[in-house]
Amino acid sequence: MAIAHLVTQKVEEVHFVNKLQQQGQIQLETSFTFNVNFAKDGKRCIARIYQSVKDNKGGEQLFASLDLVGAFACEGVETEEDKKIVHAQCYDQLFPYVQSTIQNLMQASGIPGFQLRKAIINTDHVQVGQPPEQQPQQEPEKPQFPIV
């Protein structure tokens, strides 16, 4: 059985704008991208999630984005199906860090109670591999950021 264990994670980039003029409700749009790159031996992977939240006017009043990277130790990754399973596990393990970081930004800027909704990763829709022009030239390096 394929299993991913989060070794460490870090926020690489955050962007935040709050120009809301008054209290009340605002319509928000969210989007995310999520990618996982496996080492050739299948024993580790690096996952990257980019999450953004903006007002429905293109982010003029409220915008938050976060780029977060996680390093994982993997077990039992031998097939493409195993990679799909680990892909979903990586998202499930990283999402709480994304949610917490964005929630803290919102709270600090006067928007209490903000909650992101977690996506459900259906392994049937996970694409393993990349188009040739996006193929990494070498396998992912071991993470260099500290384990806290």
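Observations, loosely collected:
- Answer from LEU66, LEU105 - the residue that is touching a strand residue (DSSP E or B) at 6+ places or on another chain (Cβ under 8 Å), over 24 Å from ILE3 (Cα atoms) and without any contact (Cβ under 8 Å) to a residue 60 or more places away in the chain: LEU66
- Residues in segment 8-31 that are exposed (fewer than 14 other Cβ atoms within 10 Å of the Cβ) and under 18 Å from the mean Cα position of the chain (by Cα): THR8, VAL11, GLU12, GLU13, VAL14, HIS15, GLU29, THR30, SER31.
- Residue that is surrounded by the fewest Cβ atoms within 10 Å (Cβ to Cβ), among those in segment 32-54 that are in contact (Cβ under 8 Å) with a residue 40 or more places away in the chain and within 22 Å of GLY113 (Cβ to Cβ): PHE32
- Residues that are in contact with a strand residue (DSSP E or B) (Cβ under 7 Å, 6 or more places away or on another chain), part of a loop (DSSP other than H, G, I, E, B) and either more than 22 Å from ASP82 (Cβ to Cβ) or of a type in the set (Phe, Trp, Tyr) (or both), drawn from segment 28-58: ASN56
- When ALA73 is tested against the conditions (1) assigned to a strand (DSSP E or B); (2) closer than 26 Å to HIS15 by Cα; (3) modelled with pLDDT of 95 or more, the lone failure is (2).
- In the set (1) buried (at least 19 other Cβ atoms within 10 Å of the Cβ); (2) more than 19 Å from VAL128 (Cβ to Cβ); (3) out of contact with any helix residue (DSSP H, G or I) (no Cβ under 9 Å at 6 or more places or on another chain); (4) modelled with pLDDT of 95 or more, the condition left unmet by LEU66 is number (3).
- Meets criteria (in contact (Cβ under 8 Å) with a residue 24 or more places away in the chain and farther than 20 Å from ILE120 by Cα) for LYS19: yes
- Verdict on LEU94 being among the aliphatic types (A, V, I, L, M), within 19 Å of the chain's Cα centre (by Cα) and under 21 Å from LEU6 (Cα atoms): yes
The values are calculated or read from the model by the stated rules, or taken from the named source; none is laboratory data. Because the structure is a prediction, the values reported are computed rather than measured. We place every Cβ from the backbone using ideal geometry, glycine too, and count neighbours over all the protein chains shown.
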